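Structure, as structure tokens:
The values are calculated or read from the model by the stated rules, or taken from the named source; none is laboratory data. All values reported here derive from a predicted model rather than from experimental measurement. Neighbour counts are summed over all protein chains in view; Cβ atoms, including those assigned to glycine, are modelled from backbone coordinates with ideal geometry. Surface accessibility is based on the protein's heavy atoms, side chains included, excluding ligands, DNA and RNA. Shrake-Rupley method; radii C 1.70, N 1.55, O 1.52, S 1.80 Å.
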Amino acid sequence: NKIHFDYKKHENDHLAATFCGSTIPAPFISSGNFLTVQFVSDLTLEREGFNATYTFVDMPCGGTYNATWTPQNTSSPYVSNQSVPLSTCTWVIEAPPHQQVKITVWALQLHAQDCAQNYLEVQDLPEGDERVHFCGRNLTALPEFYSSTSTAMVVFKSEVLNSNSRVSFTYQIADCNRQYNRAFGNLKSPGWPDNYNDNLDCTIILTAPQNHAITLFFHSFDIEDSSNCAHDFLEVRNGSSRNSPLLGKYCGTLQPNPIFSQNNELYLQFKSNNIISSHGYEIIWASSPSGCGGTLYGDSGSFTSPGYPSTYPNNTHCEWTLITPAGRPVTVSFYFISIDDPGDCVQNYLILYNGPNATSPSSGPYCGAVSTANTFRFPLVILKS
Ligand SMILES: [Ca+2]
């Protein structure tokens, strides 16, 4: 028979402690304004159980807040000439159903570089696709965070709270505009997997690291079909503005071919008119210095060699690392390969590794022309020509 003390709002959050026997547990302080206590007993032996008292305490920071369309600020308290020992502050930011939360961290100082004791973490609740973790020395790049669910959680952990250890951020309901400064991610139409709304005009700007080129792979696509895509459409431009060269304008249900950018920026615009909506889109994007490959992140997706369905160029070296959010094994299926090689797969080949790098056990190399369904549980895929 045991008691769980749990500062969680949803399954899979933080289990704080489990107790049984007759030793009285020490007082427990939650990190936010919620605490779940679970009492479980089995089929045998009955005892008195437990009694407990609870009260609130003034915490230095954290709590549950409702996001509004107007940005609101919150901070850890400013402590000027003393140090307050601190463990964790947790903010839970809730948006209305079917909306997302936008978090903008505009100041972050950490007491020490020990990443286990001093960090800022922002993630979806319950745990979804999005999670960012800041610690150590490099705190200059603080990208905006958009939740994929209607709730975001901000955790600030620090050994002490003082003028050199603090965080300030803004939270609000996210509109459909996005600006991502990172190497890879997923894009879903607003409301996904439900239909998108009418009268949307959303701008999405992808900025990968310098010298990277971006690839967009369309995983699902269903936008109201109309002549010249005049009603609803997704436009992709090679650059960072509305005036950048147009790479494609898409609508209907035909899945667009992958898009290979020429530099590290892509500008997407998604527009819907005032009548008829569809399912929308799900896009996986990756980037790398070689113009192909990169990290592919998500529950499921698809990817191709560079230029596909045209031919790949000579001197290709692409490495894709496949990561699933829950850390489950990755399954890769090939329906078609056409890689020209004299036959020994030494110069031109596709190879898979069952681990994070090329020292892991491999499958392949493969070359030639094959059109059978081959399935692998390997997360690293390399194409060389
Ligand atoms: Ca429409």
Original post:
What strands (runs of 3 or more DSSP E) lie completely within segment 231-303 and have 2 or more residues being within 23 Å of ILE337 (Cβ to Cβ)?
Top reply: 280-288, 294-297
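Yes or no, residue by residue, for (1) modelled with pLDDT of 85 or more; (2) open to solvent by 80 Å² or more (accessible area, probe 1.4 Å); (3) among the basic types (Lys, Arg); (4) more than 29 Å from SER165 (Cα to Cα):
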residue: PHE34; (1), (2), (3), (4): no, no, no, no
residue: VAL40; (1), (2), (3), (4): yes, no, no, yes
residue: GLU46; (1), (2), (3), (4): yes, yes, no, yes
residue: THR55; (1), (2), (3), (4): no, yes, no, no
residue: CYS61; (1), (2), (3), (4): no, no, no, no
residue: ALA67; (1), (2), (3), (4): yes, no, no, no
residue: SER75; (1), (2), (3), (4): yes, no, no, no
residue: SER80; (1), (2), (3), (4): no, no, no, no
residue: SER83; (1), (2), (3), (4): no, no, no, no
Original post:
Cβ-Cβ below 7 Å, separation at least six or inter-chain, first residue in segment 271-289 and more than 19 Å from ILE205 (Cβ to Cβ), second of a type in the set (D, E, K, R) and assigned to a strand (DSSP E or B): which pairs?
Top reply: SER278/ASP222; HIS279/ASP222
Original post:
ILE259: within 20 Å of the chain's Cα centre (by Cα), in contact (Cβ under 8 Å) with a residue 24 or more places away in the chain, more than 15 Å from the ligand (Cβ to nearest atom) and open to solvent by less than 40 Å² (accessible area, probe 1.4 Å), yes or no?
Top reply: no
Original post:
For segment 305-354, how many residues meet the condition of being under 30 Å from SER148 (Cβ atoms), assigned to a loop (DSSP other than H, G, I, E, B) and in contact with a Cys (Cβ under 9 Å, 6 or more places away or on another chain)?
Top reply: 2
Subject >> Cβ pairs under 6 Å, 6+ apart, first in segment 295-317 and of a type in the set (S, T, N, Q), second assigned to a loop (DSSP other than H, G, I, E, B) >> reply: THR295/PHE184; THR304/PRO258; SER305/TYR312; THR316/SER385
Original post:
Within segment 272-292, can you find the residues that are modelled with pLDDT under 90 and open to solvent by less than 50 Å² (accessible area, probe 1.4 Å)?
Top reply: GLY291, CYS292
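The rows are residues; the columns are (1) surrounded by 17 or more Cβ atoms within 10 Å (Cβ to Cβ); (2) away from the ligand (no atom under 16 Å from the Cβ); (3) part of a loop (DSSP other than H, G, I, E, B).
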position	(1), (2), (3)
PHE134	yes, yes, no
ARG137	no, yes, yes
LEU161	yes, yes, no
CYS202	yes, no, no
**OP:** Run down LEU216, LEU234 and say which single residue is open to solvent by less than 20 Å² (accessible area, probe 1.4 Å) and either over 11 Å from LEU268 (Cβ atoms) or under 17 Å from the mean Cα position of the chain (by Cα) (or both).
**Re:** LEU216
Original post:
Can you name every residue in segment 273-316 that is closer than 20 Å to GLY252 by Cα, in contact with a Gly (Cβ under 8 Å, 6 or more places away or on another chain) and away from the ligand (no atom under 16 Å from the Cβ)?
Top reply: ILE284
**OP:** May I ask you to verify whether PRO245 is away from the ligand (no atom under 16 Å from the Cβ) and farther than 27 Å from VAL92 by Cβ?
**Re:** yes
**OP:** Might you let me know whether segment 96-106 holds any residue that is within 16 Å of the chain's Cα centre (by Cα), within 27 Å of SER300 (Cα to Cα), surrounded by fewer than 16 Cβ atoms within 10 Å (Cβ to Cβ) and of a type outside the set (Val, Ile, Thr)?
**Re:** no
